[in-house]
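Nothing in this text is a laboratory measurement; each read-out follows from the coordinates by a stated rule. These numbers come from a predicted model, not from an experiment. Using ideal geometry, Cβ is built from the backbone for each residue, glycine included, and neighbour counts are taken over all protein chains shown.
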Amino acid sequence: MLNIIVEPLSFEFMRNAIIIAILLGILCAVTGSFLIVQRMGLLGDVIAHAVLPGLAIAFYFGVDIFLGAFISGTLSTLVISWIQSQSRVKVDVAMALVFSGFLALGIMLITLLKSRIDLHSFLFGDILGVTVPDVIRTFLITLLVLLFVKLFYKELLFYTFNPLGAQAMGLPVNWIYFGLISAITLTIIASMQAVGVVLVVSLMVAPGITAYLLVKELHQMMGLGAVIGVISSIVGMYISYYFNVPSGAAIVLVVTTFFVIALLFSPSQGILTRPEFANRSLKILRQLRQLRK
C-alpha cells in the first residue's frame, strides 16, 4: 500500500505535477466561490477562451505569453461590463457574445500570425510537462490571490452579496471588481497548463459548489472547497499515473464525483436525505409488501 503512494513521487515530473495540482486545488476553490455566489460561473469559461488572442499576440512579439493572456482575459470582462452598462443586453448574452468573439479572434490571429501555439495543449492542458519555474509561478500566483482575498475579504464579501449597497456605502466598487476579475484571470491562466481551457471551469466551480451543498458561510465554502480541490487533485494525479489516462480529465472527474455524492447525501440539501424522499421511500416499501401478500 505504501509503495502505491511513494512510487509516483520518485519521478520529478510527478512531484512537480502533484505540487501544482495542490496549489490549483486551493486557488480554484477560493476564486471559484465568488463566481458561484454571484451566479457568474459562465464568466470563468468566457475568460478561459478569451485569453487566446493575447496568447497569439504575445507569442508573435516574443513576450511572456502569460502577460498577453492576462491582458486579453481582463479586457474581455471589461467589454462585458461595458456592453451591459451601455445597453439593455443582459449579462449572459453579453458573455456569450464576448466568448465567441474573442475565441474567433484568437483563432484568426493564430492563422494570420502563423503562431506555433499548441492548441491541443491549450484546450486540454499538459500538467505532466510542468517545470520548476511553472511551479514557482503558480505558487506566487496562489500566494498573491490568497493575500488579496485575506486583506480585502470584508469588502469582497459586501460587494459579492450586495454590490449596490457597497456602492452606496462609498466602497470603490470598480476597483473591487477589477481586483476580483484579475484574481479570477490569474487563476485561469495558472490552471490552463494543468487542465486546459476545456476543463478549467469545472475545476473552478466543482469544489466550491460541492462545499456550497455542505456549509452555509462563504469562508467555510472556500475552506472546504480548497480541501476538496486538493484531495481531488491528488487522487486524480494518482489515477492518471496508474491507469494512464489524461491527468486534467481525471482530476475533474474526481471532483465531479465528490459533487454527486454531496448532491445525493448532503445532510441539509441532499436529494436522498430530504424528508419527502424518505416518506416516499416508506410508501413504496409498504406498497411492495402489500403486493407480496
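Assorted remarks:
- Cut-off 15 Å, label 7 Å out along Cα→Cβ of Ala104, residues of the stretch 41-65 by amide N: 50, 53
- Hypothetical label at Val215: residues of the stretch 230-269 whose amide nitrogen lies under 13 Å (7 Å Cα-Cβ projection): 230
- Relative contact order (%) - the chain, alpha-carbon pairs under 8 angstrom, separation at least six: 27 percent
- A straight chain from Trp175 to Val227 at 0.36 nm per residue would run longer than the Cα-Cα distance by 15.8 nm.
- Residues listed by number, the stretch 213-238, amide nitrogen under 13 Å from Arg274 label point at 7 Å toward C-beta: none
- Dipole magnitude (debye, nearest 20) for the chain, charges at Cβ of Lys, Arg, Asp, Glu: 1380 debye
- Potential lengthening between Gln86 and Leu140 on full extension [0.36 nm per residue; Cα-Cα distance subtracted]: 15.8 nm
- Angle between the chain longest axis and helix 65-86 axis [Cα atoms, degrees, rounded to 10]: 70 degrees
- Folded to 0 to 90 degrees: helix 275-292 orientation relative to the chain principal axis, Cα: 40 degrees
- Mean residue ellipticity (222 nm) of the chain, computed from DSSP H runs ≥ 4 via -39,500 (n - 2.57), nearest 500: -28000 deg cm²/dmol
- Distance in nm between pseudo-label sites at Val37 and Ile261 (7 Å out along the Cβ direction from Cα): 2.6 nm
- Sorting 168-177, 39-48 by average packing, meaning the other beta carbons within 10 Å per residue, from highest down gives 39-48, 168-177.
- Principal-axis tilt of helix 41-61 within the chain, Cα atoms, nearest 10 degrees: 30 degrees
- Applying 1/(1 + (r/R0)^6) with r as the Cβ-Cβ distance of Lys154 and Leu119 and R0 = 45 angstrom yields a FRET efficiency of 0.60.
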